[in-house]
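Novice: Once you've had a glance at the structure underneath, I'll fire off some questions.
Each value in this text was obtained by applying a stated rule to the coordinates, not by laboratory testing. This is a predicted model, so every value here is computed, not measured. With ideal geometry, Cβ positions are generated from the backbone for all residues, glycine too; neighbour counts draw on all protein chains shown.
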């Protein structure tokens, strides 16, 4: 079997309600993951694109979060209504969805406008 062209990781992390960092799957139903897999299969991508569940991707303030490799395109605030657009435009067409894409300055950084400020330690 040829290697996958892309890997899609869908964060399924859960935290208690009201946690300051938020969480990507508060209901715990893995809905986004299931819908991404179905959309990829519906478009004949099952052998070319792998959709995986992920634990915490450490981008909680931007959640629900999805990342597509090998391009390392990070999406934030993804809803079920966004999945068709991501699959059609990015996975099929090769063009990331700009309106959902996280700014590189906010990914894997200690601070960005979306992260809560941590109290100073003495």
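Novice: Could you calculate the FRET efficiency of residue 79 with residue 7 from 1/(1 + (r/R0)^6), where r is the beta carbon distance between them and R0 is 22 Å, rounded to 0.05?
Specialist: The pair residue 79/residue 7 has a calculated efficiency of 0.55.
Novice: Nearest 5 percent is fine: what portion of the DSSP beta bridges confined to the chain is antiparallel?
Specialist: Restricted to the chain, the bridges split so that about 55 percent are antiparallel.
Novice: Work out, step by step, the length gained on full extension between residue 42 and residue 71: first 0.36 nm times the residue separation, then minus their alpha carbon distance; give nm to one decimal.
Specialist: Gain on extension, residue 42 to residue 71, equals 8.2 nm.
Novice: Could you work out [θ]222 nm for the chain from helices alone, using -39500 (n - 2.57) per DSSP H run of at least four and dividing by all its residues? Round to the nearest 500 deg cm²/dmol.
Specialist: Calculated at 222 nm, the ellipticity per residue is -3000 deg cm²/dmol.
Novice: Please compute the modelled spin-label separation between residue 92 and residue 30, points set 7 Å along Cα→Cβ, answer in nm with one decimal.
Specialist: 2.6
Novice: Which residue fluctuates most in the GNM of the chain (Cα springs below 10 Å): 66, 51, 97?
Specialist: Result for the chain, Cα springs under 10 Å: 97 fluctuates most.
Novice: Enter the angle in degrees (range 0 to 90, nearest 10) between the Cα long axis of helix 31-42 and the first principal axis of the Cα atoms of the chain, meaning the one along which they spread out most.
Specialist: Orientation of helix 31-42: about 20 degrees from the principal axis.
Novice: With each label point set 7 Å from Cα along the Cα-Cβ vector, what nm distance links residue 103 and residue 14?
Specialist: A separation of 3.3 nm, rounded to one decimal place.
Novice: Quick one: order 4, 36 by neighbouring beta-carbon count within 10 Å, fewest to most.
Specialist: Fewest-to-most ranking of 4, 36: 4, 36.
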